[in-house]
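The values are calculated or read from the model by the stated rules, or taken from the named source; none is laboratory data. Bear in mind the structure is a predicted one, so any value in this text is a computation, not a measurement. FYI the Cβ positions are ideal-geometry reconstructions off the backbone, even for glycines, and counts take in every protein chain you see. Just the protein is used for accessible areas: all its heavy atoms, side chains included, with ligands, DNA and RNA removed. Shrake-Rupley method; radii C 1.70, N 1.55, O 1.52, S 1.80 Å.
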Amino acid sequence: MDVIKKGAGLILWILVSVFPGFSQVNRGYSIEVRTDKNGTLNFYCENERHITYTIRVDLYNYTNYAPSCTFPFVGEAKAGTTFLFKLTPILPSARPTYRMVTNLKLGKYIENPDSNYVYLLPIKAPGELIVSKNIFTDYWIYSPTIDTVFASRSGTVGIMAEGQADNTYMGYNSVLLEHSDGSIMSYMFLGDLFVKHGQRILAGEPIALSGKKNRAEYDSTDNDYAYCVKLSLLYNSEKLPDVQVGPVKQSSGRSTSRLPIKFITKEKGEVFITKSERVTPVFPEEIITKELSKSELKKRAKKRPIL
């Protein structure tokens with residue numbers, strides 16, 4: 001079986017201003033065309049990232065072939081190898097020609113995202129944290145000491161970006177965690193990372209250490225609260241090619257939209273934080289175990305609680 005790798009004009013619609021640490025996410029993707037013994041061209045997406053993308057393939061000027069789908073082709077490119085479509089030759093002796101353009105968007109398409117899912121505050125602290133929401137629906141969570149950053153919800157580590165090892169504003173680390181419903185949590189401004197690509201992380205398990213406060217987005221927070229993590233809850237709100245749907249979102253303008261995050265706190269229980277507030281984190285067992293499988297629940301029962 002011959003493998004012909006096509007330079008497909010791969011374009012990733014990733015909002016780099018939202019994810020400055022993820023400017024190289026196009027690495028790790030390729031479109032492969034595998035020709036079988038009958039001359040059929042089978043198109044695959046090789047996804048070395050452990051996160052789902054929505055993929056669109058436009059095929060032009062193809063001759064001597066009968067396609068297995070209409071174009072543009074739209075589907076999900078999951079981690080690993082995903083079959084897309086095939087072209088069956090009409091006249092096997094003729095030489096095939098075609099032109100292909102491929103676009104990817106972060107996340108699988110979600111028409112009605114759940115804005116009421118309850119998330120853990122990602123830092124365990126003996127006292128209060130400062131949580132500040134900005135106009136872009138980013139949540140800056142500040143603490144007075146370097147703390148462990150825990151997963152706010154169970155998921156799979158899809159993309160990591162490692163900065164310089166100095167835990168400062170310009171040397172942050174970042175992690176994207178894909179949840180079971182297709183939403184994605186971005187954890188940014190992290191210190192040392194404890195996870196790896198493709199790892200299944202349960203709610204309340206450690207991801208990294210918190211990083212240094214971002215002075216560029218000072219938020220008038222207490223100077224003693226010098227360490228932070230920034231959270232953004234993302235989802236793909238657009239069908240490809242160009243259909244915008246879903247009223248519950250704040251659009252970032254390109255490939256992803258954002259959801260407000262409902263946290264669980266000691267003071268107010270389940271709450272949407274809309275400004276800068278001081279809150280105390282809590283870790284209810286029912287929140288931690290909500291999405292665990294039977295085997296994960298058994299393992300958890302055999303050991304001490306994560307938090």
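Filtered by the rule that a residue be open to solvent by 70 Å² or more (accessible area, probe 1.4 Å) and among the aromatic types (Phe, Trp, Tyr), region 73-131 gives a lone residue, 83. Being over 30 Å from residue 230 (Cβ atoms) and either hydrophobic (A, V, I, L, M, F, W, C) or modelled with pLDDT of 85 or more (or both) is the requirement here; does residue 116 meet it? No. Look at (1) open to solvent by 40 Å² or more (accessible area, probe 1.4 Å); (2) touching a residue at least 60 places away in the same chain (Cβ under 8 Å); (3) within 19 Å of residue 258 (Cβ to Cβ); (4) of a type outside the set (Asp, Glu) and you find that residue 135 fails only one, number (2).
For region 82-96, the condition of being within 25 Å of residue 205 (Cα to Cα) and at pLDDT 85 or above holds for none of the residues. With respect to residue 68, is the statement that it is among the hydroxyl-bearing types (Ser, Thr, Tyr), open to solvent by 50 Å² or more (accessible area, probe 1.4 Å) and modelled with pLDDT of 85 or more true? The answer is yes for residue 68.
Find all pairs meeting these conditions: Cβ atoms under 7 angstrom apart; at least six residues apart or on different chains; first residue within region 172-185 and farther than 13 Å from residue 109 by Cα and open to solvent by 10 Å² or more (accessible area, probe 1.4 Å); second residue aromatic (Phe, Trp, Tyr) and assigned to a strand (DSSP E or B). Note: pairs meeting the criteria are 172/189. Does residue 152 qualify as being touching a Pro at 6+ places or on another chain (Cβ under 7 Å) and surrounded by 16 or more Cβ atoms within 10 Å (Cβ to Cβ)? The answer is yes for residue 152. Taking region 207-266 as the range and being under 24 Å from residue 288 (Cα atoms), among the β-branched types (Val, Ile, Thr) and either open to solvent by less than 10 Å² (accessible area, probe 1.4 Å) or modelled with pLDDT under 55 (or both) as the test, the residues that pass are 207, 229, 261, 265.
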